[in-house]
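Student: Have a look at the structure that comes next, please.
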Amino acid sequence: MADLGLLSVTVFWGTTFILSKLALKEISLLPYLVIRLTMAALFLGLYSLRFKKEISVQLVKDGFVLGVLLFFSYFFQMWGIQFTSASNAGFITGLNVVLVAVFSILFYGDHPRKETLLGVALAVIGLYLLTGGNLTELNKGDLLVLVCALTVSFHVIYTGKYAPKHNIYLLTSAQLVTTSIFSIAFLIFSGDSLPEMQTDIWLLLLYLALFGTIYTFLMQTAMQRFTTATRTALVFSMEPVFASLFAWLIAAESLSTGGWIGGLLIVSGMIIAEIRWKASDR
């Protein structure tokens, strides 16, 4: 059941790439972030007030750190997706699975396994093929989404540190409130304003707030109590696959043969980097 719950997260996240790309054709980036993140913060925040006795200074601090990382993850991903395909964005964002392993080695002194190094190598080759065979000519969107993958990596690492300490509803709410405040501040600073939108765009943003934001983060936090981080990472490697699937179904986006091979190598790299192949390591 935990695996199915986590798989549902990847399905919903997979839909957000192409739906966000479509929404950003109608409204600019900062209004998009303000509306999506503020709706999510309000809905979950109001519900979380039932646990207000568990609010602490440490929870607010931890939620703020996660919220800052989450905001910049959204910011760079949604900025980049305007200049690259939803499929590319899905696969490049998925690199965070490998990056988490790399950063754990660099910053936490974890001993690098051969499988991790092989996974990183496959992911880099996959990225090379996905972007047309020349990493020096990554387009603007690919580079921005790559920054998102870096930010997501640190978000995953610090979520692992903070989630066991706090109520999952309050911690998620603190993150979303922080992202909402940052998006509003960026909007004011930019001089932009909220646009008038048609009903279908409001409904799309409501879906992204409820299912692409609130549901996914709560489900991830809840289900990881019943499974291992390794199994979670393996299930999450399906996210870019669903991103490509929905990009094809909804907007008829397609990858070249080299792009599909690159995507396959990235997913393979994620899986190889996370699996404990030796019985003694499991």
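The values are calculated or read from the model by the stated rules, or taken from the named source; none is laboratory data. Model, not experiment: these values are computed from the prediction. Please note: Cβ atoms are built from the backbone with ideal geometry, for glycine as well, and neighbour counts cover all protein chains shown.
Student: Cβ-Cβ distance below 6 Å, separation of 6 or more or different chains: which pairs start in region 3-30 with a residue that is over 11 Å from GLY212 (Cβ atoms) and end on one that is among the small types (Gly, Ala, Ser) and surrounded by fewer than 23 Cβ atoms within 10 Å (Cβ to Cβ)?
Tutor: ILE18/ALA251; LEU30/SER190
Student: Also, quick follow-up: List the residue pairs whose Cβ atoms are under 6 Å apart, where the first residue sits in region 219-237 and is more than 22 Å from LEU122 (Cβ to Cβ), the second is at pLDDT below 75, and the two are 6 or more positions apart or on different chains.
Tutor: GLN224/THR232
Student: Which residues, taken from region 42-68, are surrounded by 23 or more Cβ atoms within 10 Å (Cβ to Cβ) and under 17 Å from the mean Cα position of the chain (by Cα)?
Tutor: GLY63, LEU66, GLY67
Student: Further question on the same structure: Would you point out the residue of region 227-245, among those that are polar (S, T, N, Q) and under 16 Å from the mean Cα position of the chain (by Cα), that is modelled with the lowest pLDDT?
Tutor: Of everything passing the filter in region 227-245, THR232 is modelled with the lowest pLDDT.
Student: A further question on this structure: Among the residues of region 1-38, what is the count of those that are part of a helix (DSSP H, G or I) and closer than 21 Å to PHE76 by Cβ?
Tutor: So the count comes out to 24.
Student: I'd like the residue in region 246-270 that is crowded, with 18+ Cβ neighbours inside 10 Å and not small (Gly, Ala, Ser) and, out of all such residues, is modelled with the highest pLDDT.
Tutor: PHE246
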